[in-house]
1. How large is ³J(HN,Hα) for each residue in the range 60-70, as worked out from phi by the Karplus curve 6.51 cos²θ - 1.76 cosθ + 1.60 (θ = phi - 60°), to whole Hz, x for Gly and Pro?
2. With +1 assigned to the C-beta of every Lys and Arg and -1 to the C-beta of every Asp and Glu, and no other charges, what is the dipole magnitude of the chain about the Cα centre in debye, to the nearest 20?
3. Nearest 10 degrees, 0 to 90: what angle lies between the long axis of helix 39-49 and the longest principal axis of the chain (Cα atoms)?
4. Given the pairs K7/K77; K19/K126; K73/K94; K39/K144; K105/K126, which span a C-alpha to C-alpha distance of over 32 angstrom in this model?
5. If one takes the longest principal axis of the Cα atoms in the chain, at what angle in degrees, from 0 to 90 and to the nearest 10, does the Cα axis of helix 5-14 lie?
6. Can you work out ³J(HN,Hα) from phi for every residue in the range 18-35, in order, using Karplus 6.51 cos²θ - 1.76 cosθ + 1.60 and θ = phi - 60°, giving whole Hz and x for Gly and Pro?
7. Would you kindly compute the Cα radius of gyration of the chain and its largest Cα-Cα separation (Dmax), both in Å?
8. Want the number for T136 to D5: 0.36 nm per residue separation, take away the alpha-carbon distance, what's left?
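Coordinate-derived values only; no laboratory data. Just so we're clear, the structure is a prediction, and the values are computed from it rather than from any experiment. Neighbour counts are summed over all protein chains in view; Cβ atoms, including those assigned to glycine, are modelled from backbone coordinates with ideal geometry.
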Amino acid sequence: MKNTDQKYIEEIFSRYPNKRAATLPLLTLAQERFGYISKEACVWVAELIGVSPMEVHETASFYTLYYLEPVGKNKIKLCTNVSCMLLGAKKIEKTLKRKLGLKKKGTTEDKKFHFETAECLGYCDKAPVMQINTETFEKISDEKVDEILKKYE
Ligand code: FES
């Protein structure tokens, strides 16, 4: 954990009526710090909010944004839902997989990237869209893939 985490955790708690209600932002923080929602991460969140690690694991397993196994450092989500698909997402998906050396979703050999497709990311008017970690790239094209990936290499 970082030195600034305690202050951030207190800020998170201040936004919710009780500690348990802060489970999701704490899971997000845990994923940033541990890389994925490991047993250790579940214990850490559980101790913060006063529930069992199993309850934390059950919550994390409900949401696709939490990884329950180790994945690449930079997590790529490419939207392939209707708006994005109509504007070239499938071609971008093929290019991304080729550049990352992946046949399907997964983590690259060097562990730098994890790739997966996603349902609507909520930016349909700016399709096609992909996210890497917390950054969103709008109106992307096949040609922009290299430029975007270079930011994370
Ligand atoms: S369909 Fe891609 S962001 Fe909504």
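1. Values, residue by residue: 4, 5, 7, 10, 6, 7, 9, 9, 9, 9, x Hz.
2. It comes to approximately 480 debye.
3. 50
4. K19/K126; K39/K144
5. On a 0 to 90 degree scale, this one is about 80.
6. Once θ is set to phi - 60°, the couplings for the range 18-35 become 8, 5, 4, 5, 8, 4, 5, x, 6, 5, 4, 5, 4, 5, 5, 7, 9, x Hz.
7. 17.1, 49
8. Full extension of this stretch gives 44.8 nm more.
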